[in-house]
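J.: My structure is below; once you've seen it, I'll send some questions.
The values are calculated or read from the model by the stated rules, or taken from the named source; none is laboratory data. Note that this is a predicted model, so its numbers are computed, not measured. Here the Cβ is made from the backbone with ideal geometry for all residues, glycine too, and neighbour counts use every protein chain on show.
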Amino acid sequence: MAMKAHQAACLLLLILQGVVGPPVDKRKKSEEPAKENTVEEPPDFGLEYSRYLQEVVQALEDDPDFSSKLKAVNIDDIRSGNVAHELEFVKHDVRNRLDELKRIELDRLRKLTVQAKEKELAGLDRNSVKLPHHVDYQNPHTFEIEDLKKLIVTATKDLEALDEQRKAEFKEYEMRKELEYRKSLENMTAEERVKVEQQHNETIKQHREHPAVHEPGSKPQLQEVWQEQDHMDPDDFNPNTFFAMHDLNGDGYLDPDEIAAVLHLEVKKMYRPGDNGTDPVEKNEEVERMREHVLQEGDSNKDGLLSHQEFLDMTHRRDFEKDEGWKGLDEQQVYSEDELRQYQQQHPDLQLQYPYQQYHGGPMPPQYQGQHMPQYQHMPQQGAQYQGVPSHQGVPPQQHQGQFQPHQGQLQHQQGQFQQQQGQYQPQHGQFQPQPGHP
């Protein structure tokens, strides 16, 4: 995801290590009966050309020499698409498969172009015909270096944009939830408001009362997983063994899903199962923040993965045994006062009839007089990836736990990047489609 973002910077390495496709859970395999005569659809992780992307990667994976070369490639060469020149050394049968995949993709794009042109002529959508950027449509016959380069660069850019979208939509979700809470108080009597606010603040208090959370990726955090989750002797902690146990698909890398699994115990401390105050959207965002922290600490080549060597290097650093703890979303600034005010102005359904402080009786503080939105005291920034959050009676508003569901269009993000939408590969509005007249 997000990401979810996840982590999406180097397309081929991410996919080859199981990020685009769901990671293989060896433990789950033994528990599920084999399914016969079933075709597993490639995951649609938010891109209009997901199937084409996945099938190209699967074809390249069948060439072990190409796959091994990718593991030694510099991240800048991947981002720029220069790694595409390695296509010259791919086996002949793989090149033939790539040619066929490209012809199928171009045929799909032609059909979409016809449909889009019909809509445009009917006046239904005048901006529906767009140029594809993920394929070299000027060469309709063979899959060449330019095709692979375009696919890498475009997918990298699009996946990074999806990760930023996840963060933006989470911020929007938090602002809407805060404003919906305030607006709900308008329809209550004074006595009802007092009762609801007391319950609300008690829920927040209970959510913040949890065991100390270890810094993700620190030795104390990994040792706790080793002891509690892996049921190993705490005195025998071994980084090599730990890595092997959590590299579930045995590819020599910890991908985002596998990293998230290592963080499960820490997230569970803050978002306890069965707790009515648990907000699943905030829980998922907490996982993303922790995963990003681990990658920032150990992912030296910035490919969104932890290789075996990167993991060992991380455990050999001087600060590995130092545990600085972790501050959750309830202690972070997600949005600023101005962002909240602007968001409210853009959504008439969230406009408050009365200034918020009038609900509490007594004289209104000077900073609220003549305003429809109160001024909030800012909390100091504490290492979060987000900016600004107004405080509500000393408690950040993002902790209105479990009261509101994400509004329509909200990002549905879970551990492991993107939801698989079985069998659906129709273009999303605004995605890439070829211009009429091109193949």
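J.: Mind checking which residues of segment 211-223 are within 14 Å of residue 265 (Cβ to Cβ) and either at pLDDT below 95 or crowded, with 17+ Cβ neighbours inside 10 Å (or both)?
T.: 211, 212, 213, 214, 215, 216, 217, 218, 221, 222, 223, listed by residue number.
J.: Among the listed residues 237, 242, 311, which satisfies the condition of being buried (at least 22 other Cβ atoms within 10 Å of the Cβ), in contact with a helix residue (DSSP H, G or I) (Cβ under 7 Å, 6 or more places away or on another chain) and more than 25 Å from residue 170 (Cβ to Cβ)?
T.: 311
J.: Within segment 99-112, count every residue that is in contact with an Asp or Glu (Cβ under 8 Å, 6 or more places away or on another chain) and farther than 19 Å from residue 131 by Cβ.
T.: Result for segment 99-112: 1.
J.: Looking at (1) assigned to a helix (DSSP H, G or I); (2) more than 23 Å from residue 337 (Cα to Cα), which one does residue 200 not meet, given that it meets all the others?
T.: Every listed condition holds for residue 200 apart from (2).
J.: What residue, of 34, 5, is among the small types (Gly, Ala, Ser), at pLDDT below 50 and surrounded by 22 or more Cβ atoms within 10 Å (Cβ to Cβ)?
T.: One residue alone meets the criteria, 5.
J.: Does residue 297 satisfy the criteria of being within 26 Å of residue 75 (Cα to Cα), in a helix (DSSP H, G or I), within 20 Å of the chain's Cα centre (by Cα) and modelled with pLDDT of 90 or more?
T.: Against the criterion (within 26 Å of residue 75 (Cα to Cα), in a helix (DSSP H, G or I), within 20 Å of the chain's Cα centre (by Cα) and modelled with pLDDT of 90 or more), residue 297 qualifies.
J.: Right, here's the next one. Is it fair to say residue 100 is at pLDDT 90 or above, over 22 Å from residue 299 (Cβ atoms) and surrounded by 16 or more Cβ atoms within 10 Å (Cβ to Cβ)?
T.: no
J.: Separate question: Considering only segment 47-97, how many residues are within 21 Å of residue 139 (Cβ to Cβ), modelled with pLDDT under 85, charged (D, E, K, R) and surrounded by fewer than 19 Cβ atoms within 10 Å (Cβ to Cβ)?
T.: Within segment 47-97, residues that are within 21 Å of residue 139 (Cβ to Cβ), modelled with pLDDT under 85, charged (D, E, K, R) and surrounded by fewer than 19 Cβ atoms within 10 Å (Cβ to Cβ) number 0.
J.: Of all residues in segment 178-204, how many are over 16 Å from residue 352 (Cα atoms), surrounded by 15 or more Cβ atoms within 10 Å (Cβ to Cβ) and of a type outside the set (A, V, I, L, M, F, W, C)?
T.: 4
J.: Based on what the data block shows, is residue 208 at pLDDT below 90, closer than 21 Å to residue 267 by Cα and of a type outside the set (Val, Ile, Thr)?
T.: So residue 208 passes the test.
J.: Could you list, in sequence order, the residues of segment 300-329 that are hydrophobic (A, V, I, L, M, F, W, C) and assigned to a helix (DSSP H, G or I)?
T.: 311, 312, 314, 320, 329, listed by residue number.
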